[in-house]
Every structure is written in structure tokens, then in C-alpha cells.
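Each remark here refers to the structure printed beneath this line.
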């Protein structure tokens, strides 16, 4: 079966996009999804995203990791999906859509997407790391030697270790550059490797750094391997509200496979 697809990337976090409003894509074919994401035998991507109809909102987002399994929220993927929806003519400059973690609002202007993330009501502080869920679970810890750090080896050890075990957690290594600016490298579960950028990951890092007192700013700059993202938020007691992930979402190419 011939499949039309679109390729998008947000700060190097890349996705295969499929317009599934006609519901022709087999969502149970895990091997097919993994094949499409394969960088040697398929198209190549960190994940695959289906854009589907929604009865009340602009569209619905269904996200799969590159291993072929449906996964938790993907921030950069959500931003890219907004750009894709604009390319399809579904929206103009604003969107409201549903993802696996609930409803999201977004705006798009000059290729930059500002995506509202879920409120975060709980952050766990441990002896050497912080854990929180920003639509996906994230372990956040400092690492001074971030430039030459073996992310895949160290990330996998934490991802599969106690207390995360088989369910796993994404793992973020952070280095403070200056007030309000941090370098981030992320190991993503489901990809089982480092990705050039992770939207829910940099969101987690921004909130964690504010929570730990490493920055007093409510607009934080995150420098990833794939580019720069920003996260804004309002702190209300122990809850982080009005959390927005901001950055570019770029169309790469369209094809058939």
C-alpha cells in the first residue's frame, strides 16, 4: 500500500507525519510504524504522528515512538503537528487539539509554535535528581561534563534502573550556562537513544531549575543539540501553570513510500 507522508523537525527532533483523517492507517501495525521510522530501511524519524479528526476541536494527535508503540505526550511533536495542520489548511494561526495527556492550545507565527503544556502539580526532589511529569515522565540531573558525556550508556542505565524499571523514564542531563539559560541532553525511552531535542524534556528541565532555585526567571532558555527552545510558566504555590513550550517547527519534505 502506497503511503503519503510528511517529514517535520523541531530543533532536530524529527517526525513522520500522516494525515489520517480518513482513518486508513493501520494503527495496530507496530512493525509498520517502526519500519517507517527506521533510518536505514524506512523514512527515518524519532517518532510517527497521526493527525486525526476530532468532534469538537481542530484535530487529534496520536503519537508513536520509533519502536512502533504509542507513547506519552511529545512536546516537539505537538509543535510540529500544529505546523502540519497549518500546511493542510486545517488551521491558520491558532489551534486547539487533543493528545494522549489531554487538551492543548497553540499559536503559530513565522514558523515558531507556542504550545501550551499541562499544568505540573508535583515535583519530586531526590538526593541527586528531580523527577516530574510534563506529559511524559522525566528524570532531571546535573552533569558538568555534558559535552563529552556518554548519554546513551548513562541514560539507559537510569532509564531501566530503580525506581523506573521496565516502564522507564526519559532522562535529562543539565548544565547551567548562565542565569536563565541551560544546556540539556536527553535520553528518550521508546527511541532508546539520545534525541537532538525533547520538548517535554526541556519543559521538565525549565520547571525543575526554577523549583531548585537555579533560576528565578519565568522564561527559561534551553540549548539542545538540535537548537534552542524556550519555556515560559507561572508559578502558583507548588503548581506550575500556563506552561508554554516555544520554538521552531520546520517542514522538511513530502514523499510516498
With respect to residue 147, determine if the residue is in the same structural domain as residue 132 (by TED's automatic domain parsing), surrounded by fewer than 16 Cβ atoms within 10 Å (Cβ to Cβ) and under 23 Å from residue 213 (Cβ atoms).
no
What number of residues in the stretch 83-111 are in contact with a strand residue (DSSP E or B) (Cβ under 7 Å, 6 or more places away or on another chain), part of a strand (DSSP E or B) and surrounded by 15 or more Cβ atoms within 10 Å (Cβ to Cβ)?
9
Picked from the stretch 42-72 (must be more than 18 Å from the chain's Cα centre (by Cα) and part of a loop (DSSP other than H, G, I, E, B)), the residue nearest to residue 198 (Cα to Cα) is 43
Condition (residue is within 27 Å of residue 170 (Cα to Cα) and without any contact (Cβ under 8 Å) to a residue 60 or more places away in the chain) applied to the stretch 69-87: is it met by at least one residue?
yes
Does residue 176 satisfy being under 16 Å from residue 146 (Cβ atoms) and either over 17 Å from the mean Cα position of the chain (by Cα) or modelled with pLDDT under 95 (or both)?
yes
Answer yes if at least one residue in the stretch 190-202 is over 28 Å from residue 84 (Cα atoms) and surrounded by 14 or more Cβ atoms within 10 Å (Cβ to Cβ), and no otherwise.
no
Could you tell me which numbered condition residue 138 fails, if it satisfies all but one of (1) assigned to a strand (DSSP E or B); (2) free of Cβ contacts under 8 Å to residues at least 60 places away in the same chain; (3) under 18 Å from the mean Cα position of the chain (by Cα)?
(2)
Mind listing whichever residues of the stretch 113-130 are part of a strand (DSSP E or B) and touching a helix residue (DSSP H, G or I) at 6+ places or on another chain (Cβ under 9 Å)?
113, 114, 115, 120, 123, 125, 130
Picked from the stretch 62-80 (must be more than 21 Å from residue 35 (Cβ to Cβ) and modelled with pLDDT of 95 or more), the residue surrounded by the fewest Cβ atoms within 10 Å (Cβ to Cβ) is 73
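The values are calculated or read from the model by the stated rules, or taken from the named source; none is laboratory data. Values in this document were obtained by computation on a predicted structure and should not be read as measured data. Cβ sites come from the backbone with ideal geometry, for glycine too, and all protein chains shown count toward neighbours.
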